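The values are calculated or read from the model by the stated rules, or taken from the named source; none is laboratory data. Every value quoted in this text rests on a predicted model; they were computed, and no experiment measured them. Cβ: placed from backbone, ideal geometry, glycine included. Neighbour counts: every protein chain shown.
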Amino acid sequence: MHLTCTFTASLFAMSLAFAAPLFAKGLQNETQINNGLVAVGIADEIRNRCDSISARTFRALGFLNSLKRDARSKGYSNDEINRYTKSKTEKTKMRKRGQVYLAQNGASTSDAASMCRLGRAEIKKRSQIGVLLRAR
């Protein structure tokens, strides 16, 4: 009986040793993936607020899939990815980052003209946001 408890305790300790890096290495620390998600969110806001700009839907879906592939290649499971992208806390953080970007670039979600100007500028410079949009 004592041997079983020792063995179980050792397995538990080993599992904690392997799990610790996973907890420390969360998707919130993946800069490239998070920058990509923010870019998609900003592009979505622009196309929703500006009647003269639409989404490049297939390109956006392809980009989102590439972010997911990147996350999987870094060892994240589909469940971890889905939990992260559906997290209200993380969505709030992303939204705040997007609002800062809009403000830094003279745009506001309450001002359609400013969103159109930003959208056209992003399209012109072929930024990650711009390649997800199309001027009509």
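Looking at the structure I just gave you, is residue 112 touching a strand residue (DSSP E or B) at 6+ places or on another chain (Cβ under 8 Å), hydrophobic (A, V, I, L, M, F, W, C), at pLDDT 95 or above and closer than 23 Å to residue 131 by Cβ?
So residue 112 fails the test.
Output the residues belonging to segment 73-120 that are hydroxyl-bearing (Ser, Thr, Tyr) and part of a helix (DSSP H, G or I).
73, 84, 85, 89, 92, 101, 114
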Output for segment 80-114, where each listed residue is touching a residue at least 12 places away in the same chain (Cβ under 8 Å) and either among the basic types (Lys, Arg) or in contact with an Asp or Glu (Cβ under 8 Å, 6 or more places away or on another chain) (or both): 84, 93, 95, 97, 98, 102, 109, 112
Residue list for segment 26-59, restricted to those being aliphatic (A, V, I, L, M) and outside any strand (DSSP E or B): 27, 33, 37, 38, 39, 40, 42, 43, 46
Complete set of residues in segment 88-130 that are among the hydrophobic types (A, V, I, L, M, F, W, C) and surrounded by fewer than 17 Cβ atoms within 10 Å (Cβ to Cβ): 100, 103, 112, 113, 121
Residue list for segment 42-78, filter: of a type in the set (D, E, K, R) and touching a strand residue (DSSP E or B) at 6+ places or on another chain (Cβ under 6 Å): 47, 56
